[in-house]
Amino acid sequence: GQNIDQPTEMTATEGAIVQINCTYQTSGFNGLFWYQQHAGEAPTFLSYNVLDGLEEKGRFSSFLSRSKGYSYLLLKELQMKDSASYLCAVRDPGGGADGLTFGKGTHLIIQP
Amino acid sequence: GAVVSQHPSRVICKSGTSVKIECRSLDFQATTMFWYRQFPKQSLMLMATSNEGSKATYEQGVEKDKFLINHASLTLSTLTVTSAHPEDSSFYICSARDGRDGRNTIYFGEGSWLTVV
């Protein structure tokens with residue numbers, strides 16, 4: 001079956017660094033996406049990993065280890081506007097018709 | 001990234017009426033679009049796949065006669081909630097796959113809040 005696990009909620013301090021982990025067990029794998037979703041809004045695309053290693057994009061970085069079924073999203077220099085849910089999604093040919101299996105999201109709370 | 005626009009962002013309708021939500025890909029053509037529903041603090045639930053020029057494909061448990069999907073052009077898909085009931089109140093989101101970057105990244109519309117009273 002398809003299973004994606006990520007923590008339900010995390011709290012971090014403004015200006016600090018936070019790492020959001022995601023583990024997955026899927027029948028196939030063809031890429032992993034991270035999305036940011038603010039309350040009441042649709043998800044916005046953050047990053048994409050298909051090969052092992054780190055992808056850096058400004059304050060956000062995403063890491064993938066296919067052998068471990070593991071990814072993380074790293075947010076640096078946290079700002080209050082980073083308070084949101086972060087969704088890990090795996091592209092799996094055996095997943096939904098959109099090819100994506102979504103985790104339930106990690107609600108990140110940024111404190112002053 | 002690609003732009004997907006959804007309209008209306010918020011709609012209130014009376015029980016028993018129908019409401020239409022539009023999803024447009026603004027800067028690329030999308031032969032396939034997707035419709036999701038999301039309840040508060042829950043994950044996205046894929047409802048159906050909208051295919052340009054052919055019938056939509058519905059996920060198990062989604063009533064195709066209640067949620068009518070039309071994909072009349074390469075840039076527009078519509079979802080019509082027919083005979084709406086209060087339990088249909090939810091956040092509806094569309095997405096489209098952009099194949100131009102080779103990653104087939106899924107981009108989402110802004111979402112539509114539906115309240116049935």
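Brief remarks follow.
- The modelled label-to-label distance for the pair A:Gln19/A:Gln79, using points 7 Å beyond Cα in the direction of Cβ, is 2.4 nm.
- Calculated SAXS-style log₁₀ I(q)/I(0) at q = 0.28 Å⁻¹ - region B:43-102, Debye, Cα scatterers: -1.40
- Each part gets one Cα centre, and for region A:63-96 versus region B:20-60 those centres are 22 Å apart.
- The trypsin sites (Lys or Arg not before Pro) of region A:41-102 meeting both criteria, a DSSP state outside H, G, I, E and B (loop) and at most 16 other C-beta atoms within 10 angstrom of the site's C-beta, are A:Arg59, A:Arg66, A:Lys68, A:Lys76.
- Springs between Cα atoms under 10 Å define the GNM used for chain A, and in it the highest mean-square fluctuation of A:Ala84, A:Ala12, A:Ala39 occurs at A:Ala39.
- Projected onto its three principal axes, the C-alpha set of the protein assembly as shown covers 49, 37, 34 Å, listed from the longest axis down.
- Under 30 Å from A:Lys104, Cα to Cα: lysines that are on another chain or at least 8 residues apart: A:Lys57, A:Lys68, A:Lys76, A:Lys81, B:Lys20, B:Lys41, B:Lys55, B:Lys64, B:Lys66
- Relative contact order %, chain B, counting alpha carbon pairs below 8 Å whose residues are six or more apart: 36 percent
- Highest-MSF residue in chain B out of B:Ile69, B:Ile93, B:Ile12 [GNM, Cα springs under 10 Å]: B:Ile12
- Across chain A, C-alpha contacts under 8 Å between residues 6 or more apart give a mean separation that, scaled by the residue count, equals a relative contact order of 37 percent.
- Low-density loop cleavage sites - trypsin sites (Lys or Arg not before Pro) in region B:43-117, where at most 16 other Cβ are within 10 Å (DSSP): B:Lys55, B:Lys64, B:Lys66, B:Arg100, B:Arg103
- Chain A: translational diffusion in µm²/s, Stokes-Einstein, Kirkwood Rh over Cα pairs, 25 °C, 0.890 mPa s: 175 µm²/s
- For chain B, the spread of Cα positions along each principal axis, largest first, Å: 43, 29, 24
- Label-to-label distance, nm, for residues given as B:Ser18 and B:His85 (7 Å Cα→Cβ offset): 1.8 nm
- Label-point separation, B:Ser73 to B:Thr57 (7 Å along Cα→Cβ), nm: 2.5 nm
- Within region A:10-48: backbone nitrogen closer than 17 Å to the B:Trp113 label point (7 Å, Cα to C-beta): A:37-43
All of the numbers you see were taken from the coordinates with simple rules; none came from a lab. Values in this document were obtained by computation on a predicted structure and should not be read as measured data. Quick reminder, even Gly has a Cβ in these numbers, built from the backbone with ideal geometry, and neighbours come from all protein chains shown.
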